[in-house]
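Report on one structure; see the data block that follows.
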Amino acid sequence: MPELPEVETVRRGLAPVLEGHVIRRAEARRPDLRVPLPANFAERLTGRRVLAVRRRAKYLLIDLDDGWVWLAHLGMSGRMTIGEGGMLDRHDHVVVETDAGVVVTYRDPRRFGLMDLVPAAALDAHPSLAALGPEPLDDSFTAVALGAMLAGRKGPLKTTLLDQRVVAGLGNIYVCEALFRAGLSPIRAAGTLGGRATTRLWQAIRAVLAEAIEAGGSSLRDHQRPDGELGYFQHGFRVYGREGQPCPDCDCGGGVLRLAQAGRSTFYCAKRQR
């Protein structure tokens with residue numbers, strides 16, 4: 001599933017071609033994705049001017065001039081592509097064309113994505129957004145704030161950080177990479193971090209996300225930027241997907257290990273991460 005860097009990469013690709021433009025044509029080529037599309041979805045997009053393209057956690061938020069927000073989640077295999085029209089694929093489910101002739105297509109072979117139209121005034125209360133934690137790249141997300149979110153939690157650090165109510169937008173890849181950089185064990189109880197360890201983790205989270213965004217995200221299976229280019233942060237993974245390979249930062253002998261946590265693979269170095 002696309003994580004924060006991939007969704008931010010998509011947002012940055014869409015913003016220049018959508019912001020300030022009118023959606024001249026919209027087409028919903030099926031009535032549902034993961035759940036049904038809103039009633040009259042295409043008709044309600046047609047003729048609307050896009051004011052801004054924003055992101056909240058792993059969600060795209062497209063502000064429209066009628067006071068509504070087009071909310072989109074890419075699911076497991078969804079992606080947005082930018083072009084000038086042409087033949088559509090059977091997995092192309094939503095298509096919009098702007099007054100500049102730019103066509104944005106949502107393709108989702110597995111149809112785990114989500115789209116909704118939400119009144120701007122009610123956005124924060126939307127079921128997908130209401131319980132989300134802080135944005136890890138916002139100024140309000142500090143080491144102190146992170147420490148407060150982790151305090152008293154007895155669950156493993158890795159699974160706690162995957163909880164979107166703790167930090168919004170983090171996923172399996174970037175939690176593994178951040179914990180490695182911070183030298184913290186994924187199985188350590190989240191509430192046991194002291195001030196210095198929490199600061200290291202906070203710094204690592206922000207650094208990993210910033211570097212991944214700069215690299216266009218990680219393209220492992222489905223992620224592509226809207227212009228069709230692949231992200232390349234996967235070439236800089238230090239532990240994710242590297243089971244059995246030497247640890248890049250120490251001579252531990254055992255190399256990178258993998259364990260299952262909450263149904264997800266965790267990659268780490270037992271010697272370096274405590």
### Task
Please state which one of Leu71, Leu123, Leu114 is hydrophobic (A, V, I, L, M, F, W, C), closer than 28 Å to Ser265 by Cβ and touching a residue at least 24 places away in the same chain (Cβ under 8 Å).
Leu114
### Message
Residues to consider are Ala182, Ala210, Ala178, Ala215; find the one that is in contact with a helix residue (DSSP H, G or I) (Cβ under 8 Å, 6 or more places away or on another chain), outside the structural domain of Arg12 (by TED's automatic domain parsing) and surrounded by fewer than 20 Cβ atoms within 10 Å (Cβ to Cβ).
### Response
Ala215
### Query
Of the residues that make up region 77-88, is at least one in a strand (DSSP E or B), of a type in the set (A, V, I, L, M, F, W, C) and in contact with a Leu (Cβ under 9 Å, 6 or more places away or on another chain)?
yes
### Scan of region 65-103 for residues that are closer than 14 Å to Leu14 by Cα and of a type in the set (A, V, I, L, M, F, W, C), ordered by number
Trp70, Leu71, Ala72, Leu74, Met80, Ile82, Val95, Val96, Ala100, Val102, Val103
### Task
Residues being charged (D, E, K, R) and assigned to a loop (DSSP other than H, G, I, E, B): count how many of those fall in region 101-145.
6
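Could you list all residues from region 103-143 that are among the hydroxyl-bearing types (Ser, Thr, Tyr) and in contact with a helix residue (DSSP H, G or I) (Cβ under 8 Å, 6 or more places away or on another chain)?
Thr142
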### Query
Taking into account only those residues within region 17-73 that are part of a loop (DSSP other than H, G, I, E, B) and of a type in the set (D, E, K, R), which is nearest to the chain's Cα centre (by Cα)?
Lys58
### Query
Any residue in region 9-28 that is of a type in the set (Ser, Thr, Tyr) and closer than 28 Å to Asn172 by Cα?
yes
### Task
Taking Glu6 as meeting all but one of (1) over 19 Å from Pro127 (Cα atoms); (2) modelled with pLDDT of 95 or more; (3) buried (at least 22 other Cβ atoms within 10 Å of the Cβ); (4) not basic (Lys, Arg), write down the number of the exception.
(2)
### Message
It is to be established whether one or more residues within region 81-90 are over 27 Å from Ile173 (Cα atoms) and touching a helix residue (DSSP H, G or I) at 6+ places or on another chain (Cβ under 8 Å).
### Response
no
### Query
Taking region 5-55 as the region of interest, how many residues are within 30 Å of Pro136 (Cα to Cα) and touching a helix residue (DSSP H, G or I) at 6+ places or on another chain (Cβ under 6 Å)?
5
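Looking only at residues in region 154-168 that are among the polar types (S, T, N, Q) and out of contact with any helix residue (DSSP H, G or I) (no Cβ under 8 Å at 6 or more places or on another chain), which one is nearest to Ala178 (Cα to Cα)? Can you show your working first?
We begin by selecting, within region 154-168, every residue among the polar types (S, T, N, Q); these are 159-160, 164.
Of the ones still in play, those that are also out of contact with any helix residue (DSSP H, G or I) (no Cβ under 8 Å at 6 or more places or on another chain) are 159, 164.
Values: Thr159: 13, Gln164: 16 Å.
Filtering region 154-168 for residues that are among the polar types (S, T, N, Q) and out of contact with any helix residue (DSSP H, G or I) (no Cβ under 8 Å at 6 or more places or on another chain), the one nearest to Ala178 (Cα to Cα) comes out as Thr159.
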### Query
For region 225-244, does any single residue satisfy the condition of being closer than 20 Å to Arg56 by Cα and not aromatic (Phe, Trp, Tyr)?
yes
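Which of the following residues is outside the structural domain of Ile213 (by TED's automatic domain parsing) and surrounded by fewer than 19 Cβ atoms within 10 Å (Cβ to Cβ): Leu51, Leu61, Leu74?
Leu51
The values are calculated or read from the model by the stated rules, or taken from the named source; none is laboratory data. Values in this document were obtained by computation on a predicted structure and should not be read as measured data. Note: ideal-geometry Cβ built from the backbone for every residue, glycine included; neighbour counts use all protein chains shown.
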